[in-house]
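What follows is calculated from the coordinates using simple rules that are stated; it is not laboratory data. All values reported here derive from a predicted model rather than from experimental measurement. Heads up, the Cβs are rebuilt from the backbone with ideal geometry, glycines too, and the neighbour counts pull from every protein chain shown.
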Amino acid sequence: MEERMEEQHTPETTPQTPEKETPSVEERLAAALQEIEALRTDNLRILADSENFKKRLTREKEEQCKFAVAGLVEELLVVLDNLELALSHCSGNEACKDLFTGVDMTRNAMLEVLRRHGLTPIEVQEGADFDPALHEALGHEARADLKPGTVARVLQRGYLLKERLLRPAKVMVTSTPEQA
C-alpha cells in the first residue's frame, strides 16, 4: 500500500487568483444613480397603473349604480303594458268611464315614478322613418298612404333607460302592395 502524501501548499506553491478591481467611487455613484432612476421610473409606472385602476373602478361603479334598476324597470314594463292595454279597451266606452280614469291615474303615477329613475318612452309616430336602433320590425303592412320603410303601426311602446335602449318599440313597417 502506498501512502498518499498530502500536498502542502506553501505561499510559493498556492495558485494566485487575480484580485478583482474594486469599482471607483464615481463608478459606484453612477451605478447607484442608474438604479435610483430605474426605481423612480418603476414607481411612476406603478402609480399611473394604480390611478388608472381607481378611475376604472369608479367608472364601473357609477355605471353599475346608474343601471342597477334596469332589471326591475324591465319587469315593471309588463305591468305598464297591461295598464295601457286596459286603457285602449276602455276608451270611448261610457260604462268604463270611472274605471278608465282610475287606470289612467295609476298608469300616469307609475310612469312618473319610472321617469324619476331614468325611464323615457320612445315616441314613435305613424309615418316616421324606421330606425333599427330603436324599433323592432314585427312584420310588413301594405300602405299606399305612407312611403315604404316607415312605421305603419306601433304594436308595443319602446323605452330608454338613461339613454340606453331598454326595450325597442315593436312596429309594423310599411311596404309597397307588391311586397306584402
- Item | Residue among Ala152, Ala142, Ala137 that alone is of a type in the set (Gly, Ala, Ser), touching a Pro at 6+ places or on another chain (Cβ under 6 Å) and without any contact (Cβ under 8 Å) to a residue 40 or more places away in the chain | Ala142
- Taking segment 96-134 as the search range and keeping residues that are of a type outside the set (Val, Ile, Thr) and in contact (Cβ under 8 Å) with a residue 40 or more places away in the chain, which one is farthest from Val79 (Cα to Cα)? Phe130
- Task: Kindly indicate the residue of segment 135-176 that is under 30 Å from Gln64 (Cα atoms) and not in a strand (DSSP E or B) and also farthest from the chain's Cα centre (by Cα) among those meeting that condition.
- Result: Arg157
- Item | Selection within segment 48-74 - closer than 30 Å to Leu111 by Cβ, among the small types (Gly, Ala, Ser) and without any contact (Cβ under 8 Å) to a residue 40 or more places away in the chain | Ala68, Gly71
- Which residues, taken from segment 81-134, are assigned to a strand (DSSP E or B), closer than 12 Å to Arg157 by Cβ and out of contact with any helix residue (DSSP H, G or I) (no Cβ under 7 Å at 6 or more places or on another chain)? Thr120, Pro121, Ile122
